[in-house]
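Below is one structure, written out as structure tokens, with a few remarks after it.
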Amino acid sequence: MADMADAQGTKDQGQDPKDAQGAVDTARLPMATADLAQANLKLLKERFPNAVTESIDREGRVVQAIDADALAQEINAHVVSGREERYQFTWPDKAKARLLANSPISATLRPCREESKDFDTTKNLYIEGDNLDVLKLLRETYLGRVKMIYIDPPYNTGNDFIYEDDFAEGAGKFLARDGQYDEEGRRMARNLDSNGRFHTDWLNMMYPRLRVARDLLADDGVIFISIDDNEVSNLRKVCDEVFGNINFVAEFIWKSKLGKVGTAKTISTLHEYVLCFGKNLENVNFKMTERIHDGRRENLRQWGQADRREDRPSMYYPITINGIDVYPIKEDGSDGRWRVGKEMALDLLENGSLEMTCSNNKYNIYRNFEPGTTLMPFDTLLLDEIGTTANGSILLKELGLEKLFDYPKSIELIKHLATLCTSGSDIILDFFSGSATTAHAVMQLNAEDGGNRRWIMVQLPEPCDEKSEAHKAGYKNICEIGKERIRRAGAKIMADGATGAAVKKGKKKAAEEPQQPLMDTGTDAGHPPPDTGFRVLKLDSSNMRDVYYTPQDTVLTDLDGLIDNIKEDRTAEDLLFQVMLDLGIPLSTGIEVRQMDGVAVHYLEGGSLAACFEAVTDEIVTKIAQSRPKYAVFRDSSFASDAALVNYEQIFKTCSPDTIRKVL
């Protein structure tokens, strides 16, 4: 078996594994996520070899370890260790949560055509499964490709369910719990304040997921996180560590409720927060709003509240025009202040935007606004038109899904956030999908502005409580509701576009405003209809038997163990998607199945991959090689004999030497 670490390293560096003669070697795919801790150790060893040594672990095994003293000498910086005081934010099990983010898993995503919509043409993904495992599987394929992440995680009110991650679990134990549920059908637990780990459990759930999510963000990408007062301070500190406090963008304030809540004992909380961090703030480019000026004149002296010099001392200074120093003096003769700072005033003077008047021996400075348009930044205060949770409930009612979710987000909120930073075919990810509001919002926004944004929703198939309205309506889990919401929302968007019906926004009456079409579904002009389909993928254990990963530890009790290293219940399409994950090919890539002498060969659009998981002949191998794909993947059982494997190698070396060949 080819060394898995070496094969992984080759893929990460974007190089083709070639032998001395220039032909591409056939190697086995890892079929598992990368062990990032080992990858980081390898990089450290390459850069500072003298800082890596050997030690004895608690089990008495000889292991590679880092010599902190040697590393400190290499980097010539002060290293904080032990009990030495330092600024930090920590909690119980934080170190284990960090390890959990880097630990590898052997898992896959299996396609489910029957629950998908427009499977062969859509670029959207709906993924069912534990979001930490899913994020790990997506990490290499979507590394640096996601423009925007929006999540609405559990708020930790004491009534929310949080994920129960097993810190002691290794990669080999994934199969044991891959059903996602315990005997009662739950993968999540209610986080009660009485359990003594109220904040700890929530932080241990959030930290590894944010660590992995950061890797998916593009260099100019941003993450938005909805949260309330219970954990906003802790979340801000966690994000400062994961994304870096220099990449903090804003803390938006969203009016989430229509009015005062009667159950409040003291002060009624009407708002929530949306934290925003960038992957690299220097590259983040938010859109601006236009402000149109029709030409006006404004006194530069500040009037009204806070117009005293002592309120803003830096706003008290002389403005000199025609050799006359003018100070912001109030009517009563006391010192006041200008509306702008000194630096801006100098710029306005230089541009000729300031003029001086004199009346009754009193001087005034006026600013002239020329007709035209200027760009202004959006505000952190999200105004009423963004909508509240009541708007989210109204929209679900319009779709026939009322009372299935508590406090659903308004699609206007997510549309607003997406408008700030996305366009074109950008990818938007939500790994706490819930009622799939994000998917709905992205489809609606694409319909309105002609964008082609793609979305990825991730949601654990958490069972619906038997007493809930959702269960009574026939929905077994949250994913079933989310998928149905996307189907109905897509149908409504298409119907509105075809008929020119106005979009209903909360309780506003569409009849009061001129109706405008969302889109032109014709061919004369306008943009094409939005993509309202989605591919359903479900997290599962690897398609490969244990013998594939640890052949040296497998005891063969009979000849049946030699027949195949792939599980019996797995289809060719199952294998194809795990191969796509391993090779870093987007899971929305188009698939074409070609029949060659009665054998199905899967081709991915763009010629990136040709895969055959059935027995093949030299003629079929030749046809595949002549199509010159970037990758060609076969399974062991494709070759009837060692001679067939040798012929396969020779055919590719002759017809397509640059094709990277892989075997399952």
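The values are calculated or read from the model by the stated rules, or taken from the named source; none is laboratory data. Just so we're clear, the structure is a prediction, and the values are computed from it rather than from any experiment. Note: ideal-geometry Cβ built from the backbone for every residue, glycine included; neighbour counts use all protein chains shown.
One line per residue, one yes/no per condition, for (1) surrounded by 10 or more Cβ atoms within 10 Å (Cβ to Cβ); (2) assigned to a helix (DSSP H, G or I); (3) modelled with pLDDT of 80 or more:
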site: 240; (1), (2), (3): yes, yes, yes
site: 243; (1), (2), (3): yes, yes, yes
site: 262; (1), (2), (3): no, no, no
site: 276; (1), (2), (3): yes, no, yes
site: 290; (1), (2), (3): no, no, no
site: 305; (1), (2), (3): no, no, no
site: 317; (1), (2), (3): yes, no, yes
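Would you point out which residue out of 621, 663, 593 is surrounded by 16 or more Cβ atoms within 10 Å (Cβ to Cβ), touching a Phe, Trp or Tyr at 6+ places or on another chain (Cβ under 8 Å) and farther than 25 Å from residue 34 by Cα?
Step by step, each of 621, 663, 593 is checked, and only 621 is surrounded by 16 or more Cβ atoms within 10 Å (Cβ to Cβ), touching a Phe, Trp or Tyr at 6+ places or on another chain (Cβ under 8 Å) and farther than 25 Å from residue 34 by Cα.
Considering only residues that are assigned to a loop (DSSP other than H, G, I, E, B), under 19 Å from residue 532 (Cβ atoms) and among the small types (Gly, Ala, Ser), which ones fall in the stretch 391-422?
Residue satisfying the conditions is 400 alone.
Go through the stretch 208-247 and give me each residue that's closer than 21 Å to residue 386 by Cβ and in contact with a strand residue (DSSP E or B) (Cβ under 6 Å, 6 or more places away or on another chain).
222, 223, 224, 225, 226, 227, 228, 232, 235
Tell me, yes or no, whether the stretch 194-205 has at least one residue that is modelled with pLDDT under 50 and polar (S, T, N, Q).
no
Yes or no: residue 452 at pLDDT 85 or above and surrounded by fewer than 18 Cβ atoms within 10 Å (Cβ to Cβ)?
Judged against the criteria, residue 452 is a match.
What's the number of the condition residue 588 fails, among (1) under 29 Å from residue 104 (Cβ atoms); (2) hydroxyl-bearing (Ser, Thr, Tyr); (3) in a strand (DSSP E or B)?
(3)
Would you kindly identify the strands (runs of 3 or more DSSP E) lying entirely within the stretch 335-378 that contain at least 2 residues that are more than 30 Å from residue 416 (Cα to Cα)?
Output list reads 354-359, 362-369.
Scan (1) part of a loop (DSSP other than H, G, I, E, B); (2) in contact with a helix residue (DSSP H, G or I) (Cβ under 8 Å, 6 or more places away or on another chain) for the single condition residue 474 breaks and write down its number.
In the conditions (1) part of a loop (DSSP other than H, G, I, E, B); (2) in contact with a helix residue (DSSP H, G or I) (Cβ under 8 Å, 6 or more places away or on another chain), residue 474 misses (2) alone.
Restricting the search to the stretch 626-655, which residues are without any contact (Cβ under 8 Å) to a residue 12 or more places away in the chain and touching a strand residue (DSSP E or B) at 6+ places or on another chain (Cβ under 7 Å)?
Matches in the stretch 626-655: none.
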